[in-house]
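These notes concern the structure reproduced below.
The values are calculated or read from the model by the stated rules, or taken from the named source; none is laboratory data. The shown structure was predicted, so the numbers you read here are calculated from the model rather than taken from an experiment. Positions of Cβ are generated from backbone atoms using ideal geometry, with glycine treated the same way; all protein chains shown enter the neighbour counts.
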Amino acid sequence: MEVPEIYDGIITIKAVARDPGSRAKIAVTSSDSSVDPVGACVGMRGSRVQAVVGELQGEKIDIIPWSPDAASFLVNALQPAEVAKVVLDEDAERIEVVVPDDQLSLAIGRRGQNVRLASQLTGWDIDILTEQEESERRQKEFAERSETFMNALNVDEMVGQVLASEGFATVEEIAYVDQDEVAAIEGFDDETASEIQERARGVPGAPRGGLRRQARRVGRQRRSAPDQRRDHADAGGAGRGRREDDGRFRRLRRR
């Protein structure tokens, strides 16, 4: 046994992903805070892991720290690539990873090996984008949402951009989220929020039913993710400075 801490139960192997004969990723954790699970598995100057590599006829082994947090675990799993941002879609069990432009090839790996093993190790499907690609996509989405709100709600460009920057993705979300969520937007008041929601509910084809529950969930997500709202604002160029004049937002109709 090359790593006695594993035999003693101090270190646990939580997950393994292999491309036999080429490379493996092993996630480990320690029940003793004084024992570094990665360091114990690697050994002094790599002696322990190298002994295993020799037995596997040169198969490279990456020892990474396991984490109960999916995002942190994925960042570790994609080593040696650096990760700028991680976005989880728990319903679809997919993770979107944003990396610096110069880290893309490292994150993907030769013939996709690094991202494939990371996906196997974490159990998540992984999409990798560069920071430039993500920025372009966010700007496009912001413009599309802003235009949708302008046309559907008959509001001017600034109001459409503010709604998009606050994280709303559809007219239906605006229609059935709690009114307080809309009124809490900087520059809005109860009267403005009521008028916008009334227009949203009057959009032809807008579903009713279970959307109210979905909209409430969206509202909770918006309250718990202020940084995400700022990201939307930055993507579309609608900074905080453009939302300071309260009076502008009371004139909802476009000229």
Quiz item: Does the stretch 56-66 include one or more residues that are outside any helix (DSSP H, G or I), of a type in the set (Asp, Glu) and more than 31 Å from the chain's Cα centre (by Cα)?
Solution: yes
Quiz item: Could we say that Ala81 is in a loop (DSSP other than H, G, I, E, B), modelled with pLDDT under 90 and assigned by TED's automatic domain parsing to the domain that holds Lys14 here?
Solution: no
Exercise. Please list, ordered by first then second residue, the pairs with beta carbon atoms under 7 Å, 6 or more apart or interchain, first in the stretch 1-19 and on the phi < 0 side of the Ramachandran plot and in a helix (DSSP H, G or I), second surrounded by fewer than 17 Cβ atoms within 10 Å (Cβ to Cβ) and not polar (S, T, N, Q).
Key: Glu5/Val35; Ile6/Ile13; Tyr7/Met1
Self-check item: Those residues of the stretch 89-100 which are surrounded by 15 or more Cβ atoms within 10 Å (Cβ to Cβ) and among the hydrophobic types (A, V, I, L, M, F, W, C), in sequence order
Solution: Ile95, Val97, Val98, Val99
Quiz item: With Glu186, Glu195 as the choices, which residue is charged (D, E, K, R), within 15 Å of Asn154 (Cβ to Cβ), in the same structural domain as Arg145 (by TED's automatic domain parsing) and modelled with pLDDT of 55 or more?
Solution: Glu195
Quiz item: Can you tell me which residues in the stretch 137-165 are touching a residue at least 40 places away in the same chain (Cβ under 8 Å), surrounded by fewer than 20 Cβ atoms within 10 Å (Cβ to Cβ) and under 23 Å from the mean Cα position of the chain (by Cα)?
Solution: Arg138, Gln139, Glu141, Ala143
Quiz item: Does any residue of the stretch 81-99 turn out to be of a type outside the set (A, V, I, L, M) and closer than 28 Å to Gly39 by Cα?
Solution: yes
Quiz item: How many of the residues making up the stretch 84-113 are within 16 Å of Arg138 (Cβ to Cβ), part of a strand (DSSP E or B) and of a type in the set (A, V, I, L, M, F, W, C)?
Solution: 5
Quiz item: What is the residue count in the stretch 14-24 for residues that are more than 16 Å from Glu55 (Cα to Cα) and buried (at least 19 other Cβ atoms within 10 Å of the Cβ)?
Solution: 1
Quiz item: Which of the residues belonging to the stretch 67-78 are part of a loop (DSSP other than H, G, I, E, B) and either among the aliphatic types (A, V, I, L, M) or modelled with pLDDT under 90 (or both)?
Solution: Leu78
Quiz item: When only residues in the stretch 31-55 that are among the acidic types (Asp, Glu) and closer than 18 Å to Thr12 by Cβ count, which is farthest from the chain's Cα centre (by Cα)?
Solution: Asp32
Practice problem: Could you list, in sequence order, all residues of the stretch 101-121 that are surrounded by 15 or more Cβ atoms within 10 Å (Cβ to Cβ) and more than 17 Å from Ile61 (Cβ to Cβ)? | Solution: Gln103, Leu104, Leu106, Ala107, Ile108, Val115, Ser119
Quiz item: Does Asp62 meet the test of being free of Cβ contacts under 8 Å to residues at least 12 places away in the same chain, under 23 Å from Thr122 (Cβ atoms) and in contact with a strand residue (DSSP E or B) (Cβ under 9 Å, 6 or more places away or on another chain)?
Solution: no
Self-check item: Some residue of the stretch 24-31 being free of Cβ contacts under 8 Å to residues at least 40 places away in the same chain and outside any strand (DSSP E or B)
Solution: yes
